[in-house]
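First the structure, in the form of structure tokens, and then the observations on it.
The values are calculated or read from the model by the stated rules, or taken from the named source; none is laboratory data. Every value quoted in this text rests on a predicted model; they were computed, and no experiment measured them. FYI the Cβ positions are ideal-geometry reconstructions off the backbone, even for glycines, and counts take in every protein chain you see. With ligands, DNA and RNA removed, areas are computed over all heavy atoms of the protein, side chains included. Shrake-Rupley method; radii C 1.70, N 1.55, O 1.52, S 1.80 Å.
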Amino acid sequence: MSTEIWAQFLERLKNQVNDRSLTYLEGLSCRCMTDQQWDLCLPDRSTLNFVESNLSDKIYDVICDVLKSHSLNTQISVSYSLENDNSREEKTEPGFLFDPIRVVDISKQNIQKAAFQVGRSFLFPASEDSPIVSSIEAREASHLNPNFTFDNFIKGGSNEMAYCAAKAVAANPAGAYNPLFIYGGVGLGKTHLMSAIGNEILQTSNLRVRYMTSEEFTNNYMEAVHDGRMKEFRDEVRKNYDVLLLDDIQFIAGKEGTQKEFFNAFNDLHSANKQIVLTSDKHPQEIKDLEERISSRLVSGLFVDIQLPEYETRLEILRKKSHLQNFYLPDDVAQYIAAKVNSHVRDLESCINRIKASAEIHNEHISMALAQKMIEPYYQSRTVLLDPDAIMQSVCRYFGISLDELLSKSRTKPIVYPRQIAMYLARTHTSLSYPDLGRAFKRDHSTIMNGVANVKKALSDKDAELQFDIKRLEDELFK
Ligand code: ADP
Ligand code: MG
């Protein structure tokens, strides 16, 4: 009953205030609701002051309206307090017309959850079978990072397809693309996009969402085997979730038992019409040691890739990320970074952080000179540029393969490995764009992007053999 009243109150209030006031009301929650008293909370002092001085009459009227529509006592008082003010005792006297509810249990939940919860009820008033309180539990059970949303994901040519597919899945879980498989190099936004799907589904439906890394899946499976709790493990995944988001699926490759378990879980969930979203750093068919039956199952839905962001997207990311941090990044500096740092989104973030920290520590103005000082040492390019043919020839010589083989369609490791190294070296030591490189390698530009991203990923994972080969080749090329 109380839940329903609260939901109706929010819905009516939402329709009676302007957008500015609405932003102040986003953090509104109810500590306690009785037949004589409503105890409302706001997350911070300035919001509390604003709401108390400007909106309390309106709030009071709306409360009376809602109570009247339920034929309840309208002689109530409304008090306001800060959400983290734990000194306030909750009233638990008997004689309520309806049970007191704690819409937010302040002792246990943080402000973010409170804000989320109210945000949700603004959009979708809770029904009897989906009490407001449960949205906090649903969020907690989801294991999702609430900061990864569609709103703060920057769209660009490199991720557009993945973004649109993700939006479609969020709008129509298990009805659009199932499974959705997102792949691409490290730090390009896969986890962000996958989480955005989950966050949106949580906000717009009562579906139970679960985000899980493949490492967690593996560990849970191994623990279950060890403790003889396989039934619980199986039930957990199959019965408790409507949407499963499994991150970095390449992690299960080569692990026989986990792969088998995953395959069965996948099939069961899929046939029960539950949405599955997966990510990986590679196309399913390029994941080494992944069983064939699994990779072909994975590509049975939609698979979309995320590429390295191009200049415009990098610039937009820099602008938006600095803005989100309330940090003013002059546009010429943003353009300089976007031109210089052409790798992961994570690198762009770390550039902002480095410049920001330096400006703060030295109390310096943000200028091009400062940016150059902070960025240059990390993103030095060699001054001598090579031509791609010379690179390909050196690579062929080094690996003992012919140029025809390097440029062939062969996907065997002895050819793919040198080919991707040649792509990486050509990208690093020539000024050619991806389309230019595509022509040089007789391939689509996206294949080059993927090849380069794979090598970068392996380098960042400290693949010793690869590091050695690249060092030898660079020494040879620059000698
Ligand atoms: P991945 O899972 O592909 O390795 P993440 O999703 O963890 O990458 O992204 C790394 C960081 O970059 C995160 O902080 C994420 O928010 C950010 N990021 C990546 N792509 C974008 C984008 N298009 N817009 C905004 N932020 C992004
Ligand atoms: Mg990730």
Any idea what angle helix 230-240 forms with the longest principal axis of the chain, computed on alpha-carbon atoms, 0 to 90 degrees, nearest 10?
-> 70 degrees
Which length gain, in nm to one decimal place, applies between H323 and D436 when the Cα-Cα distance is subtracted from 0.36 nm times their residue separation?
-> 37.3 nm
Note to self, the chain gives a 222 nm [θ] from helices alone (DSSP H runs n ≥ 4, -39500 (n - 2.57) apiece, / all residues, nearest 500) of -17000 deg cm²/dmol
Given H placed on each backbone N at 1.01 Å, which residues far from C30 in sequence or on other chains put an amide H within less than 5 Å of it?
-> C41, V103, V104
Run the numbers on the chain and let me know its relative contact order in percent, using alpha-carbon pairs under 8 Å that are six or more apart.
-> 12 percent
For the chain, radius of gyration divided by Kirkwood radius, i.e. Rg to Rh on alpha-carbons | 1.06
Measure off, as a whole percent, the carbon and sulfur share of the 1.4 Å-probe accessible area of the chain, all protein chains present.
-> 49 percent
Degrees between helix 445-460 axis and first principal axis of the chain (Cα, 0 to 90, nearest 10) = 80 degrees
Among N147, L22, S410, whose Cα lies farthest out toward the positive end of the dipole of the chain, if unit charges sit on the beta carbon of Lys, Arg (+1) and Asp, Glu (-1)?
-> S410
Cut-off 11 Å (backbone N to label point 7 Å along Cα→Cβ of A272), residues of region 213-236 = 234-236
Hey, can you find the accessible area per residue of the chain for me, probe 1.4 Å, expressed in square angstrom?
-> 48 Å²
Hey, what do the phi angles of region 348-364 turn into as Karplus ³J(HN,Hα) couplings, whole Hz, using 6.51/-1.76/1.60 and θ = phi - 60°, x for Gly and Pro?
-> 5, 4, 5, 5, 4, 4, 5, 5, 4, 5, 5, 4, 5, 5, 8, 6, 9
